[in-house]
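Below is one structure; the comments refer to it alone.
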Amino acid sequence: MSNGSYRIVFVVQGEGRGHLSQALALKELLEEAGHHVTGLLVGGGERRPLPDYFARRMQMEPVRFPSPLTVPGPDRTGVSVPRTTLYNLARAGAYRRAVEWIRGQVEDLRPDLVVNFYDALGGVALGSGRIPVVSVAHQYLLGHPGTPAPPFRPLELATFRLLNRASAPGATPRLALSFRDLPDGPTPHTRVVPPLLRRRVREAPVETADHLLVYVVNDGYGDAIARWHERNRHVLVHAFWDRPGAPEEERPHANLTFHRLSDTRFLELMRTCRGFVGTAGFESVAEALWLGKPVLVVPTGNQVEQAWNAREAVAAGAGIARRTFALDDFLAYLPNHRDVSTEFRGWVQRGGARIRGVLEDAAAARTAGSGRAATARAE
């Protein structure tokens, strides 16, 4: 485009709130530079409805398509490998159709660039197309020599690598989100950049109140929190979940409140909490690091990337990791936590121009190529 602004389409993996929050943050960063997000395609399924705030904050309606999801076991805590396999095999035909649908949608939108937030079908659909794609995810740090070794079995490691290749095939540029300032890598096409944090997070005033904040991806973990709290009713806890049919607020007993997902309420309780407990999602830990909040990460069972996230969070100085919601351990840790928010904020603030530069370079290469092609046709 002659004025230096670009039309950009987002393809977002819609499981959990992490990739959604990253999309919100990147839209802000791009619009500050005069670019425009003109399409929003979000993968997922009926098991993971989008939180109401997402479309409102994006200021556009997401268009949904079916994409692979993880499925919890009967207790709604860890991921069930058999259930996840059967669920996704049964939808293989829908996923094949989704690949063609994504291609058609992007062709109709005619953007200068597509940003793919770790959606495997988006990568398969667009990896060899005419429109440039840049893929964004923390997972692209896998294999980086500056990160802790992932605690994966061979099959888990192979699956993780397959998802990375599917979401960013071939020479697709990758933005690897990192808690720490690391050299580029591990592949020639990977640029290491800081987390994408929304302006509302970066501008939130930090205070410390009496409550712990908890976020669980699979709502069955809420039952573990409630059982712990039965024995510790003096501890003030606010927890967020996405339990189907749950009210906006549910209070099993005094000092324990479960909330439906809400970006404004979550941020308010995050900026004022004395500690954050979560299921090792990347984005929540990054928000806690910015706000200087100690963290206890508890990886979702059988969700291999979260087990690696937990090691990364500890290496970055975010806090401690446990296999269960060991809130007693966390309470004992809190007085000894060292706040690393100053270093982390510096890393985030340096990264905005780097992220924008990678995206603008990719879009500029495409528009330059289109200009040369138009000239050739005219001649």
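Here, each number is a calculation from the coordinates, and none is a lab measurement. Treat the numbers as computed from the prediction; the structure is a model and nothing was measured. Here the Cβ positions follow ideal geometry from the backbone for every residue, glycine too, while neighbour counts run over all protein chains shown.
Computed values, structure above
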{"read-out": "Contour minus Cα-Cα distance for D75 and R251 (0.36 nm per residue)", "value": "61.3 nm"}
{"read-out": "Candidates P66, P294, P252, ranked by Gaussian network fluctuation over the chain, Cα under 10 Å, top entry", "value": "P252"}
{"read-out": "Helical segments meeting 15 Å axial Cα length and Kyte-Doolittle -1.0 threshold in the chain (DSSP H)", "value": "18-32, 92-109, 154-167, 304-315, 341-378"}
{"read-out": "Built amide H within the under 5 Å cut-off of V216, gap 5+", "value": "F240"}
{"read-out": "Semi-axis lengths, Å, the chain, gyration tensor of Cα atoms, sqrt of 5 times eigenvalues", "value": "35, 23, 20"}
{"read-out": "Integer Hz, Karplus 6.51/-1.76/1.60 couplings in order for segment 317-333, x for Gly and Pro", "value": "x, 5, x, 10, 10, 9, 7, 10, 7, 7, 5, 4, 4, 5, 4, 5, 6"}
{"read-out": "For G143, residues with placed amide H under 5 Å, excluding near neighbours", "value": "none"}
{"read-out": "Spin-label proximity, A90 to segment 37-75 - amide N less than 17 Å from point 7 Å beyond Cα toward beta carbon", "value": "44-49, 66-75"}
{"read-out": "Segment 241-285 and segment 164-209: distance between their alpha carbon centers, rounded to Å", "value": "24 Å"}
{"read-out": "Integer Hz, Karplus 6.51/-1.76/1.60 couplings in order for segment 139-147, x for Gly and Pro", "value": "4, 6, 6, 3, x, 5, x, x, 10"}
{"read-out": "Karplus-derived 3J(HN,Hα), 6.51/-1.76/1.60, for each residue of segment 247-253, Hz, glycine and proline x", "value": "x, 4, 9, 9, 10, x, 6"}
{"read-out": "Amide hydrogen neighbours beyond the local backbone of A321, cut-off 5 Å, H modeled", "value": "V297"}
{"read-out": "GNM top mover of L236, L196, L89 - the chain, alpha-carbon springs below 10 Å", "value": "L89"}
{"read-out": "Point-charge dipole on Cβ atoms (K/R +1, D/E -1) for segment 100-221, about Cα centre, debye to 20", "value": "340 debye"}
{"read-out": "Fraction of antiparallel bridges per DSSP, segment 1-140 only, in percent to nearest 5", "value": "5 percent"}
{"read-out": "Lys, Arg +1 and Asp, Glu -1 on Cβ, resulting dipole of segment 1-95 about Cα centre, debye, nearest 20", "value": "260 debye"}
{"read-out": "Of R180, R243, R231, the one that fluctuates the most in a GNM where the chain has Cα springs shorter than 10 Å", "value": "R231"}
{"read-out": "DSSP-defined beta bridges in segment 183-320 - what % are antiparallel, rounded to 5", "value": "15 percent"}
{"read-out": "Segment 103-243, relative contact order in percent, only Cα pairs under 8 angstrom and at least six apart counted", "value": "19 percent"}
{"read-out": "Label-point separation, T324 to E32 (7 Å along Cα→Cβ), nm", "value": "4.4 nm"}
{"read-out": "Segment 241-348, relative contact order [Cα under 8 Å, separation at least 6], %", "value": "20 percent"}
{"read-out": "FRET efficiency for R103 and R260, using Cβ-Cβ distance with R0 set to 45 Å, rounded to 0.05", "value": "0.80"}
{"read-out": "Counting DSSP beta bridges with both ends in the chain, the antiparallel % (nearest 5)", "value": "10 percent"}
{"read-out": "Difference of contour (0.36 nm per residue) and Cα-Cα distance, N336 to D223", "value": "37.8 nm"}
{"read-out": "Centre separation in Å (Cα based) which lies between segment 316-362 and segment 94-134", "value": "31 Å"}
